[in-house]
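The values are calculated or read from the model by the stated rules, or taken from the named source; none is laboratory data. Remember, it's a predicted structure, so these values are computed and weren't measured experimentally. Cβ coordinates were reconstructed from backbone atoms using ideal geometry, including for glycine residues, and neighbour counts include every protein chain displayed.
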Amino acid sequence: MYRAAAVLRTALVGTTISRFESVGLVGPVPQVGAAIERVENHGKQLEIVFDDGIVLHTQFRMRGTWHAYHVGQKWKRRRHLAHVIIETEDWVVVAFGTRLAETYRQFDQSRHPRAGGLGPDVARLDADLHECASRLFHYDNQDSTIAEAMLDPRVMSGVGNVYRCEVLWSSGVHPWALVSSVPQSTCLDIVLTAAGQVRANLQSPVRVTAPDVPGGLAVYGRNGQKCVRCGDVIRLTKMGTHARLLYWCPGCQVGCEPYPERDDSDPIARMMDAHPAGSQFISDILRHRPAS
Ligand SMILES: [Zn+2]
């Protein structure tokens, strides 16, 4: 199962699903277009985590396991024996011999409402988007990163991880920008962009946020490829308590970029800074600073 998880991880993580079928599944069904965030195994059990917060939990009988096939490749077992089928652009993964296949919604503070009430659903045409922008700007934890605050349903709902990455790219905002450093106009831009992208894709089975980019997404799933805006290489970083996948471009997402914190206790950092002229300048400032 450990090996199956490794194979599934390689095939699935970061991709979006084009088909999900399961015989006798208990629980919510992952939707077409949902992205796969993680694959984990615990003994004979294997879990696939989707970006809409749904977790598919599978347990297997003695000879049961997940198979991974390229699209069009012949399966090694008969189709009617398949319990779960997940298809992406390049892969079909199939669970055979399951003892149990069930889905549940993961408890995740970034996906579930806490005290304070849900923010408006940006997919709704009557949603008050200025209210969302205000909730983002006045976010209760100003030391949060903008990327984390955006996913808090108390700010707005309906924005999943794919949109988070795409909206930040579109707005040119650094994902690690602290909420406290993001101006109100940028908060509004983020919300309006999110609403525009979510609404444009309501009827579509495949999410498109950047029609000019092959695949339709500007950064999501494009790590290692060139950014169409600046030509820099798109990065993939795990972020936050749930280590969600964050795709971003370091070349052009520089809006509100946080300054790296300097650790002056580090002797090497101190040595690097020890240019005599610099030291002289700083000691002058300290000497001439008026007493407060
Ligand atoms: Zn770029």
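Mind telling me which of the residues T209, T193 ends up being touching a residue at least 24 places away in the same chain (Cβ under 8 Å), buried (at least 22 other Cβ atoms within 10 Å of the Cβ) and over 14 Å from the mean Cα position of the chain (by Cα)? Please lay out each step first, then the result.
Working: T193 fails: buried (at least 22 other Cβ atoms within 10 Å of the Cβ).
Matching residue, one of T209, T193: T209.
Answer yes or no: is there a residue in the stretch 200-211 that is of a type in the set (A, V, I, L, M), outside any loop (DSSP other than H, G, I, E, B), at pLDDT 50 or above and within 16 Å of the ligand (Cβ to nearest atom). There is no residue in the stretch 200-211 that is of a type in the set (A, V, I, L, M), outside any loop (DSSP other than H, G, I, E, B), at pLDDT 50 or above and within 16 Å of the ligand (Cβ to nearest atom).
Of everything listed in (1) at positive phi; (2) away from the ligand (no atom under 16 Å from the Cβ), the single unmet condition for R164 is (1).
At pLDDT below 95 and under 20 Å from V13 (Cβ atoms) - does that describe any residue in the stretch 184-192? Checked against the condition, which is being at pLDDT below 95 and under 20 Å from V13 (Cβ atoms), the stretch 184-192 yields no hits at all.
Does A218 satisfy the condition of being closer than 22 Å to D140 by Cβ and small (G, A, S)?
Numbers: closer than 22 Å to D140 by Cβ: no; small (G, A, S): yes.
Answer is no for this residue.
For the stretch 56-65, the count of residues that are touching a helix residue (DSSP H, G or I) at 6+ places or on another chain (Cβ under 9 Å), in a strand (DSSP E or B) and within 20 Å of R105 (Cβ to Cβ) is zero.
Being of a type in the set (S, T, Y) and either within 24 Å of L217 (Cβ to Cβ) or in contact with a Phe, Trp or Tyr (Cβ under 8 Å, 6 or more places away or on another chain) (or both), is that true of even one residue in the stretch 20-41? Talk me through it step by step, then tell me what you get.
Initially, the stretch 20-41 is screened for residues of a type in the set (S, T, Y), giving 22.
Add one more test, that the residue is either within 24 Å of L217 (Cβ to Cβ) or in contact with a Phe, Trp or Tyr (Cβ under 8 Å, 6 or more places away or on another chain) (or both), and what stays is none.
No: the stretch 20-41 contains no residue that is of a type in the set (S, T, Y) and either within 24 Å of L217 (Cβ to Cβ) or in contact with a Phe, Trp or Tyr (Cβ under 8 Å, 6 or more places away or on another chain) (or both).
Among the criteria (1) assigned to a loop (DSSP other than H, G, I, E, B); (2) within 20 Å of G255 (Cα to Cα); (3) at pLDDT below 95, the one P175 does not fulfil is (3).
Criterion first (on the phi < 0 side of the Ramachandran plot and modelled with pLDDT of 95 or more) does V94 satisfy it? Can you show your working first?
On the way: on the phi < 0 side of the Ramachandran plot: yes; modelled with pLDDT of 95 or more: yes.
Yes; evaluated as a whole, the condition is true for this residue.
Please verify whether L188 is touching a residue at least 12 places away in the same chain (Cβ under 8 Å), in a helix (DSSP H, G or I) and not β-branched (V, I, T), treating the condition exactly as stated. It is true that L188 is touching a residue at least 12 places away in the same chain (Cβ under 8 Å), in a helix (DSSP H, G or I) and not β-branched (V, I, T). Residues in the stretch 217-249 that are within 9 Å of the ligand (Cβ to nearest atom) and either part of a loop (DSSP other than H, G, I, E, B) or surrounded by 19 or more Cβ atoms within 10 Å (Cβ to Cβ) (or both): A218, V219, C227, V228, R229, C230, G231, D232, I234, W248, C249.
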